[in-house]
1. Using Cα atoms only, what is the angle between the long axis of helix A:31-42 and the major principal axis of chain A, expressed in degrees (0 to 90) to the nearest 10?
2. In nm, to one decimal, how far is the modelled label at B:M210 from the one at B:K27, with both set 7 Å along Cα→Cβ?
3. Would you tell me the mean number of C-beta atoms belonging to other protein chains that fall within 10 Å of each C-beta in A:44-50, as a whole number?
4. Using a Gaussian network model of chain B whose springs link C-alpha atoms within less than 10 Å, name the residue from B:Y95, B:Y300, B:Y79 with the highest mean-square fluctuation.
5. Ranked highest first by average number of other Cβ atoms within 10 Å, how do A:43-56, A:22-35 line up?
6. As a quick test, which of the pairs B:K6/B:K27; B:K27/B:K211; B:K63/B:K284; B:K102/B:K270 have an alpha carbon distance above 18 angstrom in this structure?
7. Could you please report the charge total around A:R44, scoring K, R as +1 and D, E as -1 over all other residues with beta-carbon less than 10 angstrom from its beta-carbon?
8. Count, for each residue of A:31-42, the Cβ atoms from other chains sitting within 10 Å of its Cβ, then give me the mean as a whole number.
Amino acid sequence: MKKEWPIWEVFIRTKNGLEHRHVGSLHATDSKMAIENARDVYTRRQEGVSIWVVESKYISASNPDNGEELFDPAKDKAYRHPTFYKLPDEVKHM
Amino acid sequence: MQDLEKAFQARIDAGEVIEPRDWMPEKYRKTNIRQISQHAHSEVVGMLPEGNWITRAPSLRRKVALLAKIQDEAGHGLYLYSAAETLGISRDELYDQLHTGKAKYSSIFNYPSLTWADMGAIGWLVDGAAIVNQVMLTRTSFGPYARAMVRICKEESFHQRQGYEIMLTLCKGTEVQKQMAQDALNRWWWPSLMMFGPPDAESTHTEQSMKWRIKRKSNDELRQYFIDMTIPQAEVLGITVPDPDLKWNEERGHYDFGEIDWDEFWQVVKGHGPCNKQRLDARKNAWNEGEWVRDAAVAYAEKQANKQEQIAVAG
């Protein structure tokens, strides 16, 4: 039959209060197996309290070649940062 | 094309990390696939000499430690295969390259593990040498490879410590046990030094790999570092490395060491080591005999998915 198992991306929440973070990928036939394998591979030393898996083909990614047009426009917008606004030193709690 | 390559080199020189979807020279891609997959295969084949001793571990404590180490190695193989797959090669292709002999794995795993002391020597020396190499690779230029290395290094420090502890226990034991530890050191010392690969002058890939920051230190540099680190550890054990030419060189600030038998190295790389056939057969059998399981899992998943679909349509 010879059919390769699909790839899944694995996200782990290290403890409650933190977000899930991408840790790697693995092969599995369905989501249940993906979670079981993720548990065995990525949480052998109590690295997590929660696992998300998503089949890799469902992830859409931005193209690195479009990096400039996507991200450069934010470069010259210093007014989006608090330090852009000059206030006298005696003003507190701001 | 020329310009793209120049821009790529400039990114590398600036210390930038390359991610899978970034433009890269075809040779950079191929070199990474070759090196990462060779590394992955080594983790997987590396389970075999140790697997030999699970059922004969001398205590439950040693057994659970060895099992945990071997389980880690399976995981490390998986991290590395995943990193290689981001470069556009499939897992099946990678396995196929191993099984047909097109891809290599570390030649050290073609030596037999004859006594329990070998579990000590492997953890201490083989994992020790691997860690030296891997610490360097945590800063390699290809992101997924570097990230896999960070994870692996974190997990692997226990491997070396458990091996050294086995050696320490044997060396503090009876005369026969100490001899067993010495014998294991005698057999594993030279192959461990060979793990860093051929001398710089003969290493075909080193120069380009250094330029692309795939490697950050040369084979000879890493080998010297390993020797300098390991000799004092052998002294603590009270056993000696099998090298009459080994002595501290005050001027260099390093140990001088004897000639490595590179003929032996190339013989083993080319498939004529003591266990090459046995190791590869074990991998091929596991793959072939597992085929029906893989197929059944796919068939089951498809059946479940169809069922879900039918329910959805009916609903």
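Quick note: the coordinates plus some simple rules give every number you see, no bench work behind them. The shown structure was predicted, so the numbers you read here are calculated from the model rather than taken from an experiment. With ideal geometry, Cβ positions are generated from the backbone for all residues, glycine too; neighbour counts draw on all protein chains shown.
1. 70
2. About 1.6 nm, to one decimal.
3. 2
4. B:Y300
5. A:22-35, A:43-56
6. B:K63/B:K284
7. -2
8. 2
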